[in-house]
Amino acid sequence: GVYVNVEDRVRQSYQPSVVAGEKPLEIWFFGGSTMFGFDAQRDLHTIPSEFARLAEQAGIPVRVRNYGSPGYVNFQETVLLGLLTSAGQRPDLAVFYDGVNDQSLQLLNAVGGINALGDPADLGTSQQRNALFGSGAVPGGSPEPPAAFTSDLQRPYSADDVVQAVNSVYAQGMDVASAMGERHGFDAMWFWQPTLFTKQPLHPGEQLLMSRLGLDQFRFDSMAAMSDQITQNLPDNVVDISDALDATSGPVIADNVHINEEGARAVADAMFEAARPKLERLMQAG
């Protein structure tokens, strides 16, 4: 289209000019719809595009790939990274941007029984299972969730159980990606994203979202408290940028998490500030 273009799973991004003979750092970005660039972000103004501009301004040559996929959780992103590397492709740095989908999945597991709490899975599990069962393709199959794979938590679940599950599954994904990096010679960074429940203060335009999203003050405060507990207990090496939108001047959030182009610039700025020392070391290492 005019503003959204995808080829081979990669959304088009801004690519800085590179001096002849200069080898740019290859940076791959993974995440859900927020990394892809919903809401209302043009190809050249997504988080990876803005990150590339910041690197260009800092004199760090880069090439970026936006592998953001709507609905993805970190474990799916890690699997995608594994598929790419097993096919012989390599980044210099893999960047993961997560939070809301990983939290939503474990909440759905706890409340909706889609999977066992603490299991790695994806947000489409329930629809896929029901579709297979209804198709008759699995004789004697059941639409019921499978038995627990890794979790020993027992119902009824508490908010603390959900927090534990989010961080535990995320740590598992980090372990897998780190092992891939060690084997194939690339680095990885993980960033925890800002949401409507972490931004302080909310712009008056963002406060209007409360009623549109069916959030009374109790629901909002509950989600904000859970988000705070998750960020306080994130695995080591996760960079918490859940405050990245706090200094923006206007409304930047379109719903509970999706941001406009101004929000993408703010997130990219927080990412680049944290990643710059690693990028400079990678450049020095050749």
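Check Leu83 against each of (1) part of a helix (DSSP H, G or I); (2) at pLDDT 95 or above; (3) surrounded by 17 or more Cβ atoms within 10 Å (Cβ to Cβ) and name the one condition it does not meet.
Exception for Leu83: condition (3).
With the condition kept exactly as written, say whether any residue in the range 152-165 is surrounded by 11 or more Cβ atoms within 10 Å (Cβ to Cβ), aromatic (Phe, Trp, Tyr), touching a residue at least 40 places away in the same chain (Cβ under 8 Å) and more than 26 Å from Gly31 (Cβ to Cβ).
Among the residues of the range 152-165, at least one is surrounded by 11 or more Cβ atoms within 10 Å (Cβ to Cβ), aromatic (Phe, Trp, Tyr), touching a residue at least 40 places away in the same chain (Cβ under 8 Å) and more than 26 Å from Gly31 (Cβ to Cβ), which makes the answer yes.
Give the range 15-38 a look and list any residue that's more than 20 Å from Gln284 (Cα to Cα) and over 20 Å from the mean Cα position of the chain (by Cα), or say none. Lay out the reasoning, then the answer.
Going residue by residue through the range 15-38, those that are more than 20 Å from Gln284 (Cα to Cα) are 15, 29-38.
Passing the criteria: only Gln15.
Could you run through the range 90-109 and say how many residues are surrounded by fewer than 22 Cβ atoms within 10 Å (Cβ to Cβ) and over 28 Å from Gly181 (Cα atoms)?
2
Spot the failing condition for Thr34; the list is (1) outside any loop (DSSP other than H, G, I, E, B); (2) within 15 Å of Ala264 (Cβ to Cβ); (3) free of Cβ contacts under 8 Å to residues at least 60 places away in the same chain, and only one is missed.
(3)
Name the pairs: first residue in the range 267-286 and surrounded by 14 or more Cβ atoms within 10 Å (Cβ to Cβ), second residue outside any helix (DSSP H, G or I) and of a type in the set (Phe, Trp, Tyr), Cβ to Cβ under 7 Å, at least 6 apart or on different chains?
If the second residue must be outside any helix (DSSP H, G or I) and of a type in the set (Phe, Trp, Tyr), the pairs left are Met271/Phe191.
Return the pair list, or none, for Cβ contacts closer than 8 Å from residues in the range 67-92 that are under 18 Å from Gln172 (Cβ atoms) to residues that are outside any helix (DSSP H, G or I) and among the acidic types (Asp, Glu), at least 6 apart or on different chains.
Final answer for the pair search is Tyr72/Asp122; Val73/Asp98; Val73/Asp122; Asn74/Asp98; Phe75/Asp122; Gln76/Asp122; Glu77/Asp98.
Taking the range 198-213 on its own, how many of its residues are over 18 Å from Ser227 (Cα atoms) and not in a helix (DSSP H, G or I)?
2
Going through the range 224-245 one residue at a time, which ones are aliphatic (A, V, I, L, M) and within 15 Å of the chain's Cα centre (by Cα)?
Taking the range 224-245 as the starting set, the residues that turn out to be aliphatic (A, V, I, L, M) are 224-226, 230, 234, 238-239, 241, 244-245.
The answer is Ile230, Leu234, Val238, Val239, Ile241, Ala244.
Quick one: in the range 110-123, of everything that is of a type in the set (A, V, I, L, M, F, W, C) and within 15 Å of the chain's Cα centre (by Cα), which residue is least open to solvent (accessible area, probe 1.4 Å)? Show your work before the answer.
Within the range 110-123, the subset of a type in the set (A, V, I, L, M, F, W, C) is 110-111, 114, 116-117, 121, 123.
Right, trim to within 15 Å of the chain's Cα centre (by Cα) and you get 121, 123.
Working: Ala121: 21, Leu123: 47 Å².
Among those residues, the one meeting the criterion is Ala121.
Is it the case, given these coordinates, that Ser211 is of a type in the set (Gly, Ala, Ser) and open to solvent by less than 50 Å² (accessible area, probe 1.4 Å)? Step through it out loud before you land on a result.
Details: of a type in the set (Gly, Ala, Ser): yes; open to solvent by less than 50 Å² (accessible area, probe 1.4 Å): no.
Spelling it out, it is not the case that Ser211 is of a type in the set (Gly, Ala, Ser) and open to solvent by less than 50 Å² (accessible area, probe 1.4 Å).
Can you name the residue in the range 1-43 that is among the β-branched types (Val, Ile, Thr) and more than 30 Å from Gln103 (Cα to Cα) and is also most open to solvent (accessible area, probe 1.4 Å) among such residues? First the steps, then the outcome.
Initially, the range 1-43 is screened for residues among the β-branched types (Val, Ile, Thr), giving 2, 4, 6, 10, 18-19, 27, 34.
Next, from what is left, pick out any that are more than 30 Å from Gln103 (Cα to Cα): 2, 18-19.
Numbers: Val2: 120, Val18: 46, Val19: 100 Å².
Ranking the qualifying residues of the range 1-43, first place goes to Val2.
So Arg129 ticks every box in (1) surrounded by 17 or more Cβ atoms within 10 Å (Cβ to Cβ); (2) in contact with a strand residue (DSSP E or B) (Cβ under 8 Å, 6 or more places away or on another chain); (3) basic (Lys, Arg) but one. Which box is left unticked?
Every condition holds for Arg129 apart from (2).
Condition first: in a loop (DSSP other than H, G, I, E, B), aliphatic (A, V, I, L, M) and within 19 Å of Ala264 (Cα to Cα). Now tell me which residues in the range 47-72 satisfy that.
Looking only at the range 47-72, we keep the residues that are in a loop (DSSP other than H, G, I, E, B), and these are 58-61, 67-72.
Add one more test, that the residue is aliphatic (A, V, I, L, M), and what stays is 58, 60.
Result: Ala58, single match.
Would you pick out the residues in the range 217-231 that are open to solvent by 70 Å² or more (accessible area, probe 1.4 Å) and either outside any helix (DSSP H, G or I) or within 17 Å of Leu108 (Cα to Cα) (or both)?
Arg219
The values are calculated or read from the model by the stated rules, or taken from the named source; none is laboratory data. Computed from a predicted structure; not experimentally measured. Positions of Cβ are backbone-derived with ideal geometry, glycine not excepted, and every protein chain shown enters the neighbour counts. Note: accessible area is taken over every heavy atom of the protein model, side chains too, but ligands, DNA and RNA are not part of it. Shrake-Rupley method; radii C 1.70, N 1.55, O 1.52, S 1.80 Å.
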